[in-house]
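The structure under discussion appears below in the form of structure tokens.
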Amino acid sequence: MKPFRMAMLAGVMTMAAMAAHAKSSLVVGLQLEPPHLDPTSAAAGAIDQVLYANVFEGLTRFGADGSVGPGLAESWDISEDGLIYTFHLRAGVSFHDGTTFDARDVKFSLDRARDENSQNAQKALFSGIESVEVVDDLTVRVTLSAPDGGFLFNMAWGDAVIVASESITEIKQKPVGTGAFRFEDWVQGDRITLVRNPDYWGTPAQLEEATFKFISDPTAAFAAVMAEDVDAFPGFPAPENLPQFEADPRFQVLVGSTEGETVLAMNNKLKPLDDVRVRKAIVHAIDRQAIIDGAMFGLGTPIGTHFAPHHPDYVDLLDQSAYDPELSKKLLAEAGYADGFTTTLKLPPPSYARRGGEIIAAQLRAVGIETEITNLEWAQWLEEVFRGRDFGLTIVSHTEPLDIGIYARPDYYFQYDSAEFQEMYAALTGETDPAKRSDLLASMQRRIAEDYVNGYLFQLATPTVANAKLRGLWIDMPTQAIDLTGVYWTE
Amino acid sequence: MLRYALRRLISLGVTLLVASLVIFLALEVVPGDPAAYMLGVNARPDTLAALRAELGLDQTPPARYAAWVAGMLTGDLGLSYTYRTPVVDMIVERLQVSLPLAVYALALSTLIAFPAGIWAAARRGSVVDVVVMGVTQLGVAIPNFWFAMLMVLVFSINLRWFSAGGFPGWEAGVGPGLKALTLPAVALALPQASILARIMRSALIETLSEDYIRTARAKGLSRGQALWRHALRNAMIPVLTIIGLQFSFLLAGVIIIENVFFLPGLGRLVFQAIAARDLIAVESVVMFLVFAVVVVNFAVDLAYAWVDPRLRGRR
């Protein structure tokens, strides 16, 4: 009797222990599927979402707050003139296929990205590099052609992660990195599975397995979270359902900020938008809060310039473009358009554009500006608006971090051409002193706000719906990443 | 019979050739550059050029068409622009979801429609007939994606009997695989079954009023015997036509249902490929679907000849 009872007790205790032992697998829902798995040769944010920090790592890396810290480079020295960066790499790091990570891999990755035949979507990040030298196994010397205060920041991007020459040919299907998770399996159209890397150089991940499931339809996403088929859904596509999740104790809703400045972009070379008074009139005709409430269900922070409000160097310029339809009408009359005019409004697929576009059209109509709305797919938008510059107005969220530099490119799709701004940007690139960089960034923000280049609407917010027992998820999205290295289950 | 089959076969080839041309031209006209889509807004012109060269987009349209058709004749459907894997492999992988789903839905639809249609026709004007007609009227009217969402709400979110979507893969076993396909198959089958039941009923009623049925009855066959032995076979022609059409529809038309249940099938592939301007994948998958439809129709034509001997001699 006694042994039997003991066995019973042991059995019950084991079961209790198993129940108490926290879950170690995670299913993450994502709206978009990566086209392939090479972060260094495509712009698709979904690639970084799955692989950044999880599978691939760079010399430096973004933290959850957007700060840049050490990655595969443990530390670095910068020469007096700001031209030479000497990176000291971590020792004992190996790729998932067992090959050793060393300075040659860094040289290979950087040279590949800046090569003539490179397919890197952010080649500009590497354009300042003049040479990359292997000093010894764990030391790399990068020489720049001009000082670049943003170099360490650039190296933290997903497009600058370190890849190995041994596994490069198959990277698009079988990515091999150095991260805390190994790539396991990809069922195209359905899911990607990662498993914990037992040989990770840093703190090992707490999750044993993570699956990314691709659910594009907002209604299906809602159903999948409700039925608990997925444990977390970053960038949840149906904001109208968020109150329902907030009210449900099974879930937590995390609303974070992104690097997405959502703007009403204007064709600065097209009549009558080439007249600053007309652009100013458009900007004053817009009620940002009405758009945030009406199109985004209250998610989003108003911005007055092309800069992320959570960034320490952000300047609040909202007053300069406050909602004032009377002023708009006056400005239009001054510019000779007292009776208004008609222009095009071309809208890409995201709801901020489609829903926001309808509201903006109504607000512009109130001051006499008629818009012809066209809905475009992304591929069409790139062709017509971005490349063809055949548009009057468009709404788009610029999701790259710290991308105010696009205003220094006169051929960029909104065609803002200001010598003064271009000089400021050149000065910023060459400046490594943090205080002076802040000053320059502030004047750049003011410059574009005063020139009313675009209508600055709001910083795109990103809601994550997750199981209430999940911890360690990124709330803000300083880059398009879903860093699972610190994620764990409570209980 | 052989000449009849041969004729059908030639028309099949011509149809495929015309279809390939139409598909290619249609996608040529659609604006949007696959390379620009992949590289996004910060891409440099030289990077774009490098990618375009790798994808073969720098060649002229006729050259690309020729290469595509020549490849297809040898069974090579090209390399996907975005995934960079052979389109053939992608189709084979996705078919493991779409084909069982279509067969499952068709089986359900037939299993529901045949008894319902036959029963309603046999008891014309009875309560059974009224109920079948009423339900099928509703089934035809309800959009399948809406019905699908309703089922997800009831069976996945409230009752938790099924997961809300997704497919575990056949390696997880036949049971879990079929279970994952059940809600989508029911959603697809309901409208199909309704149509089929109505066709079955009206075709049967029509044949039941033919002279030869009266003759059969006069010979002493009961109503039921006449129905099973004579009427049913003659009523099969329109029913077979509909089944053929439905199978094609199910294979090609699951895009919405696959999105509602996030199943990694062919429909989802086409959907993603169009958005990404993965032209070669779209062209090849659509071509494959055309091929499947044409082959199914060919099979249906042969089946006509089988159930109706008159057709063998006539053509």
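Couple of notes before you dig in:
- Rg over Rh, two decimals, the range A:45-170 (C-alpha only, Kirkwood Rh): 0.93
- Under a model in which nothing but the beta-carbon of Lys, Arg (+1) and Asp, Glu (-1) is charged, the range A:45-170 shows a dipole of about 200 debye around its Cα centre.
- Share of alpha-carbon pairs per 10 Å distance bin for chain A, given as whole %: 4, 18, 26, 24, 17, 7, 2, 1, 0, 0, 0
- The range A:259-461: translational diffusion in µm²/s, Stokes-Einstein, Kirkwood Rh over Cα pairs, 4 °C, 1.567 mPa s: 76
- Estimated FRET transfer efficiency when R0 is 22 angstrom, pair B:Asp211-B:Val128 (beta carbons, to 0.05): 0.25
- Across the range B:1-142, Cα-Cα pairs more than 26 Å apart make up 57 percent of the total.
- Here the ratio of the Cα radius of gyration of the range A:116-271 to 2.2 N^0.38 Å is 1.40.
- The mean number of partner chain beta-carbon atoms within 10 angstrom of a residue's beta-carbon across peptide B:260-266 is 5.
- Positive-end residue of B:Ser284, A:Phe183, B:Pro100, charge dipole of the protein assembly as shown with Cβ unit charges: B:Pro100
- If you plug the beta carbon distance of A:Ile406 and B:Leu9 into 1/(1 + (r/R0)^6) with R0 = 56 Å, you get a FRET efficiency near 0.45.
- Distance between modelled label sites at B:Glu171 and A:Glu133, nm, 7 Å Cα→Cβ extension: 4.8
- For the segment A:215-222, counting C-beta atoms of other chains within 10 Å of every residue's C-beta and taking the mean gives 6.
- Square roots of 5 times each gyration tensor eigenvalue, C-alpha, the range A:134-199, largest first, Å: 30, 15, 12
- Gap separating the Cα centres of the range A:194-254 and the range B:171-240, nearest whole Å: 45
- Rounded to the nearest whole angstrom, the semi-axes of the ellipsoid equivalent to the range B:2-73, taken from the Cα gyration tensor as √(5λ), stand at 37, 12, 8, largest first.
- When restricted to Cα atoms, the range A:59-126 yields an Rg and a Dmax of 13.7, 39 Å, respectively.
- Cα→Cβ-extended label distance, 7 Å offset, between B:Ser202 and A:Glu170, nm: 5.8
- Three-way shape label, the range A:347-491, alpha-carbon gyration tensor, a/c 1.5: oblate
- Once you divide the Cα radius of gyration of chain B by 2.2 N^0.38 Å, the number left is 1.22.
- Inter-label distance for A:Ser145 and A:Ala91, nm, one decimal - labels placed 7 Å from Cα along Cα-to-Cβ: 3.7
- Entries in A:Lys123/A:Lys172; A:Lys269/A:Lys346; A:Lys280/A:Lys346; A:Lys123/A:Lys269; A:Lys213/B:Lys179 that, when Cα-Cα distance is taken, lie over 23 Å: A:Lys123/A:Lys269
- Average partner coverage of B:156-164, which counts Cβ from other chains inside 10 Å: 4
Bear in mind that the values in this text are calculations on the coordinates, not laboratory data. On a predicted model such as this, the values are computed, not experimentally measured, just so you know. Ideal geometry is used to build each Cβ from the backbone, glycine not excepted, and the neighbour counts take in all protein chains shown.
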